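To start, the structure under review is shown below, and the notes come after it.
The values are calculated or read from the model by the stated rules, or taken from the named source; none is laboratory data. Keep in mind it's a predicted model, so treat the numbers as computed, not measured. Virtual Cβ from ideal backbone geometry, glycine too; neighbours counted across all protein chains shown. Remember, those area values only see protein heavy atoms, side chains included, never the ligands or the DNA or RNA. Shrake-Rupley method; radii C 1.70, N 1.55, O 1.52, S 1.80 Å.
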Amino acid sequence: MRLLLLLTLFSQAVAWAAAPTSPTGSSTLAVSQEKPRFGMTYFTFIDGPGLAEGKHNYTPNVLGLPDDDGLRLTAFLSLKYRVSANWSVDFQSRVQWIFNNAKNVTDFEPLRWQSPRIGLSGKMLSGSDWSLSGAINTDFPYFVPPPLGGGFVAERRTTIMNPGMFAKFSYQPVGSKWSVFSLVMPRVFLYADRDAAEPQLSRAGFSPGLKPEFTLSLSPSINYAVSSKVGLRLGTEFTYRKLVLSGWNPLNGSLNGTDINSKAWRLAPVPLQLGVTYEPSEVINVSFFVQGFPVAAQRVRRDGSRANFMETASVGMWVSGTLL
């Protein structure tokens, strides 16, 4: 555990590509030349309980089934080393804690180390009132011994590498309380065994063949600054995936995420999120939100039954900030 803590402290900061925005939509982790060469941030989010009766002890997914074995906390602690005015080397550690064994499974593991991610981060494009900045990175291979490799998901999916980008687009007109923000996240996944996956995936209603080989994900949100510290956020996420069982035609798409007989690319479940953000300082930024999945065609289970919207609704929270 001491070695784990030491390596975690020498990580980067959600590559500040993963850094959330302030209530006005601008990043709280912007790097300036005046800041030290080393930087450290954290990002922690909690997948909270479902809102429907009988789902309070786990976070439901689009099918109304448990998204994991129980309520889940995910923490990133990262370190960056600035090598130029615009670019930094990023090392990001990731760990999860599952609070409860909601499904009473025998293979329950509350503490789950996830493979760290390493790459370069910086500002890619910018204008007078907009910017695109982020990181180009990949996980360490699953076969690398912990704590660098051997992550819970990577090991079970046999992920060799997953090169991609985690960038953030921010647009805020001068003098306006309104802003637009989106994460931009294309990523490729290479596996040693394309049919291997963690048991949690099957318990959530999906087969190993439904794990992704390529994803293009956008998570746009509209933000309104109530004050300098408090903001409102309405957001969603669009993720188009080539799955292991998909063909190579991206124009052959489907909303059905559970059909194992189709070679179509899949539009991942589209959530709707409404949240309140509070940012008293750069050290702490708190957001509380509720979410659900409004697209009825994506709530169809493998047996043909359909979850209703409330069965997919849950609450969540994230806390982030700059430590160095």
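Normalized C-alpha radius of gyration of the chain, against 2.2 N^0.38 Å? Spell out each step's value before the answer.
On the way: Rg = 19.4 Å, N = 324, 2.2 N^0.38 = 19.8 Å.
The chain yields a ratio of 0.98.
Average projected area of the Cα convex hull of region 201-324, in nm²? Please report the intermediate quantities before stating the final value.
Values: hull surface 38.3 nm².
Across all orientations, region 201-324 yields a mean hull projection of 9.6 nm².
How far apart, in nm, are two points set 7 Å out from the Cα along the Cα-to-Cβ line at Glu109 and at Asn57?
2.3
Accessible area, 1.4 Å probe, largest first: how do Ile222, Ile160 sort?
Largest accessible area first, the residues go Ile222, Ile160.
Using a probe radius of 1.4 Å on heavy atoms only, what accessible surface per residue do you get for region 38-138? Whole Å² is fine.
With all protein chains present, region 38-138 gives 42 Å² per residue.
With only Lys, Arg, Asp and Glu charged, each at its Cβ (+1 for the first two, -1 for the last two), find how big the charge dipole of the chain is about the Cα centre; round to the nearest 20 debye.
Values: 30 positive and 22 negative charges, 78 e Å.
The dipole of the chain has a size of about 380 debye.
Suppose R0 equals 22 Å; then what is the FRET efficiency for Ser176 and Leu132 from their Cβ-Cβ distance, rounded to the nearest 0.05? Before the final figure, lay out each step's value.
Working: r = 19 Å, r/R0 = 0.87.
According to the calculation, E is roughly 0.70.
Pop out the carbon and sulfur fraction of the accessible area of the chain as a percent, whole number, probe 1.4 Å.
Values: 9820 of 14960 Å².
The nonpolar share, carbon plus sulfur, comes to 66 percent.
Averaged per residue, what accessible surface does region 232-324 expose to a 1.4 Å probe, in Å²? Can you show the working numbers first?
Working: 4680 Å² over 93 residues.
Roughly 50 Å² per residue, with all protein chains present.
How many nm separate the modelled label positions at Thr239 and Leu251, each set 7 Å beyond the Cα in the direction of the Cβ?
Going from the Thr239 label point to the Leu251 one covers 2.7 nm.
Treating cross-link reach as a plain straight distance, find the lysines whose alpha-carbon is under 16 Å from the alpha-carbon of Lys263, omitting any fewer than eight places away in the same chain.
Filter leaves Lys211, Lys242.
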